[in-house]
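Reading through the structure tokens given below for one structure.
The values are calculated or read from the model by the stated rules, or taken from the named source; none is laboratory data. All of these numbers come straight from a predicted model, not from anything done at the bench. Cβ coordinates were reconstructed from backbone atoms using ideal geometry, including for glycine residues, and neighbour counts include every protein chain displayed. Calculation scope for accessible area: heavy atoms of the full protein, side chains included, ligands and nucleic acids excluded. Shrake-Rupley method; radii C 1.70, N 1.55, O 1.52, S 1.80 Å.
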Amino acid sequence: MSIVRAVGLILIVLALMSLLASYDQYESGKRTQRLMQLGTDIGMYGSSNDQIVKEYIKMVNTTSVAITFFGVVTSVVTGLIGICFISIDKSIEQLQRKIG
């Protein structure tokens, strides 16, 4: 296995790991939302702070969705770069066979 192909495979593995991390971040944001909503429902924060807590819940939702989106985009781009490395390696091997 050539170095170029190994780099491509490593990039693909890193992309998959990044997808898992993005999903974990999204789930963590959802857990925080549910806990904050539960606290609001049982009156833990007091009625005067309900609006502040609701705004915080919306902010957590927006942040977790944005982080997840950019994590997925980054993972896809990294995976595509890895696939390109593997494709380049295959092309180089074919050229070497033609020449030699």
Any pair with Cβ under 9 angstrom, 6 or more apart, that starts in segment 1-16 at a residue that is touching a residue at least 60 places away in the same chain (Cβ under 8 Å) and ends at one that is part of a helix (DSSP H, G or I) and among the basic types (K, R): R5/K90
Count of segment 29-76 residues which are under 29 Å from L9 (Cα atoms) and without any contact (Cβ under 8 Å) to a residue 60 or more places away in the chain: 11
Selection status of A15, within 30 Å of D89 (Cα to Cα), hydrophobic (A, V, I, L, M, F, W, C) and open to solvent by less than 50 Å² (accessible area, probe 1.4 Å): yes
Selection within segment 41-92 - among the acidic types (D, E) and open to solvent by 80 Å² or more (accessible area, probe 1.4 Å): D41, E55
Matching residues, segment 17-51, being farther than 27 Å from T74 by Cβ and assigned to a helix (DSSP H, G or I): L35, M36, Q37, L38, G39, T40, D41, S47, S48, N49, D50, Q51
Where G43 falls short, out of the listed (1) at pLDDT below 90; (2) on the phi < 0 side of the Ramachandran plot: (2)
Selection count where residues are over 27 Å from S28 (Cα atoms), small (G, A, S) and touching a Gly at 6+ places or on another chain (Cβ under 9 Å), scope segment 63-100: 2
